[in-house]
Amino acid sequence: MSNSEAKPRIGVFVCCCGSNIAGYVDVPAVAKYARTLPNVVLVQENLYTCSEGGINEIKNAIVEQQLNRVVVASCTPRTHEPLFRNSCKEAGLNPYLFEMVNIRDQCSWVHMKEREKGTEKAKDLIRMGVAKAAMLTPLDSVELGVTHSALVIGGGIAGMSAAESLAGMGYPVILVEKQRRLGGLLNQLHKIYPGARDPRALLEEHVDRVTKDARITVITDAEVQSVDGYIGNFNVGVSSDGRTRLYEVGALVVATGATVRQPPDGVYEYDGRRVITQIQLERRLSEGIDPAPRNVVMVQCVGARVRERPYCSRICCQIAIKNALEIRRLFPDTHVSILYRDLQMYGVANEEMLRKAKEAGVRFMYYDVDRPPEVENEHVKISHQLLGKELDLPADLVILSTPLVANEDAPRLSGLLRVPLDANNFFLEGHVKLKPLDFASEGIYLCGSARYPANLAESIAQGLGAASRAATLLSKEHLYTSGITASVNPESCVGCLGCVQTCPFQAISFDPEQGVCKVNPVLCKGCGTCAATCPSQSIQLMGFTPKQLYAQIDQVLADD
Ligand SMILES: Cc1cc2nc3c(=O)[nH]c(=O)nc-3n(C[C@H](O)[C@H](O)[C@H](O)COP(=O)(O)OP(=O)(O)OC[C@H]3O[C@@H](n4cnc5c(N)ncnc54)[C@H](O)[C@@H]3O)c2cc1C
């Protein structure tokens, strides 16, 4: 009889988390209560269960007390569950015979001023955890090999930075660029601020590095046509020169950037000649403007922060101020006004740029979204809030600051990669704080303006960051999937495809020979959506089976 089939012997470890839990929950009372619960043979209070001492206590107790289930009542599983599972494993217990109860976030944090109620709730949660622990069964993970190379999609500054960094760590990289030349938007810029750097010199440096590095294969005029596989083992079809080649790689980086929005003709009298966009201004500045404009007016938030496009494109204020400074530098007699709704000049260097622009005589005027400026016959009318009157600004050149928008083919690529887009069709990271450069699907990373409008420094930093994230995977010889995955009972599955349609990770397919659905445990992320959908409970999430969940529900409803 394996130790999981024997009568449950449950050890409960209640963490004080210093005073984080013990300051608001009566930990000794909770521990005393836990000793009365069925199958519990050991209860310990720890100052910090996650400390080396706490972990050793768990490991020793598993061996000495022959524990076959462990419950830790402490903080969030999001950060600490892997540590505790691993401790069980090191002591010879299947790591899925572990249950975690969160009495920090759910008790001490939310009931800070209700010690008694928080303590009672902690008892309830531990009672539920113990009931579930008694029902746990050992689970296995799948071992996977890892292909030690990466494919980067998009050869702008973010993608090139990611490729260079990965190659520098010794990994072969395939860099796929849609256009004939590398560099993305930087190819179209006149100067890079802060610092007034020459974009051509910067690009040359990067292009030189990626094209000369023997570990980087650059494929331009190319597109990703197919993506199969999963973390550590992707097969990517790339078409170029009329043929498609398959590449086997372990990680993917999305660095496809974004597109400058072209305003519809007629908006603010836009004509591409006297009324142009910032990116068109960049080209004119590079080519040389002659004759010099006398009065330049820039209008911010054109087509941004409106109902159809509610987001702020973040970098347009920096771009406008940069170009205002450039115009004042090249043509000291030219007046420049910037009409804005809010100024987004985050960071020390950008604030300094704003200060310099004011010093250089650039005029800033606020406009109300409900009373936008009007462009007419080389004049811009603006209702000035402070003066309380309408101003008529002469303008022989009007510059519209339009936002960066998601690339047109973002939905196609997101479908191929099975990664989500946000409401504005930018690629959506796994978690804005915890996984800013990862997708929810493992083994795929993102950086630069593909994720959200980013300036140069941010794009490079994110490119390097995405490379580091990919390297944490590529540096491993083997990967182990989680045992918490869905599983189909072929006896009762009728192949209705409900689970196939709801799975956000495309981890479930229909087996036509057997007429049932089946789960790819490598792709399954254990979200449980399928289990909640299945009308016959034929698909269940291991570690969260109906039996285990009902055991918890029974306990919370029971009068103790
Ligand atoms: C007018 C303007 C002025 C700017 N000035 C400054 C400045 O002064 N300072 C500053 O810090 N930042 C500035 N920026 C921002 C800067 O351009 C961006 O930070 C930078 O270009 C973002 O790099 P990226 O690699 O993420 O994207 P991009 O430069 O857009 O590169 C993405 C690359 O991916 C390729 N691609 C797209 N889709 C695919 C696909 N499906 N398959 C393969 N390849 C694909 C594209 O062809 C492109 O080469 C400015 C931006 C604009 C619009």
Given unit charges at Cβ for Lys, Arg (+) and Asp, Glu (-), the dipole magnitude of region 72-145 about its Cα centre in debye, nearest 20, is 320 debye
Charge dipole of the chain built from unit charges on the beta carbon (Lys, Arg +1; Asp, Glu -1), centred at mean Cα; most positive-end Cα among ALA255, VAL130, GLN514 is VAL130
Taking a label point 7 Å from the Cα of VAL494 along Cα-to-Cβ, the residues of region 522-560 whose backbone nitrogen sits under 19 Å from it are 530-540
Shape call for the chain, from the Cα gyration tensor axes a ≥ b ≥ c (a/c under 1.5 means rounded, otherwise prolate when a/b beats b/c, else oblate), comes out prolate
Measuring from the longest principal axis of the C-alpha atoms of the chain, the long axis of helix 348-359 (C-alpha) lies at a number of degrees, nearest 10, equal to 20 degrees
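From the Cα gyration tensor of region 155-200, with a ≥ b ≥ c the square roots of its eigenvalues, which class applies: rounded if a/c is under 1.5, or else prolate if a/b is larger than b/c, or else oblate?
oblate
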For the chain, the percent of accessible surface on carbon and sulfur atoms (probe 1.4 angstrom, ligands and nucleic acids excluded) is 50 percent
Bridge orientation stat for the chain from DSSP, antiparallel percent rounded to 5, came to 45 percent
Of the residues VAL500, TYR480, PRO453, the Cα lying farthest along the dipole of region 436-506 towards its positive end, which is defined by charges on the beta carbon of Lys, Arg, Asp and Glu, belongs to PRO453
Net charge (Lys, Arg +1; Asp, Glu -1) of residues whose beta-carbon lies under 11 Å from that of PRO372, PRO372 excluded, is 0
To the nearest 20 debye, region 429-544 has a Cα-centred charge dipole, built from +1 on Lys and Arg Cβ and -1 on Asp and Glu Cβ, of 300 debye
If unit charges are put on Cβ atoms (+1 for Lys and Arg, -1 for Asp and Glu) and the dipole of region 218-303 is taken about its Cα centre, the option from VAL275, ALA292, ILE231 lying farthest towards the positive end turns out to be ALA292
Here the FRET efficiency for ASP228 versus ARG200, based on Cβ atoms and R0 = 41 Å and rounded to 0.05, is 0.60
Restricting to Cα pairs under 8 Å and 6 or more apart, the percent relative contact order of the chain works out to 14 percent
Heavy-atom accessible area per residue of the chain, all protein chains kept, 1.4 Å probe, expressed in Å², is 47 Å²
FRET efficiency (ILE289, ARG209; Cβ distance; R0 35 Å; to 0.05) is 0.60
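Please get the size of the charge dipole for the chain, origin at its Cα centre, with Cβ charges of +1 on Lys and Arg and -1 on Asp and Glu, quoted in debye to the nearest 20.
Computed about the Cα centre, the dipole is about 620 debye.
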Of all DSSP beta bridges having both residues in region 263-390, the percent classed as antiparallel (nearest 5) is 35 percent
Accessible-area order for LEU252, LEU387, largest to smallest, probe 1.4 angstrom, reads LEU387, LEU252
Measure of exposure for LYS389: accessible area at 1.4 Å probe, Å² rounded to 10, is 120 Å²
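The values are calculated or read from the model by the stated rules, or taken from the named source; none is laboratory data. These numbers come from a predicted model, not from an experiment. Note that each Cβ is placed from the backbone with ideal geometry, even for glycine, and that neighbours are counted across all protein chains shown. Note: accessible area is taken over every heavy atom of the protein model, side chains too, but ligands, DNA and RNA are not part of it. Shrake-Rupley method; radii C 1.70, N 1.55, O 1.52, S 1.80 Å.
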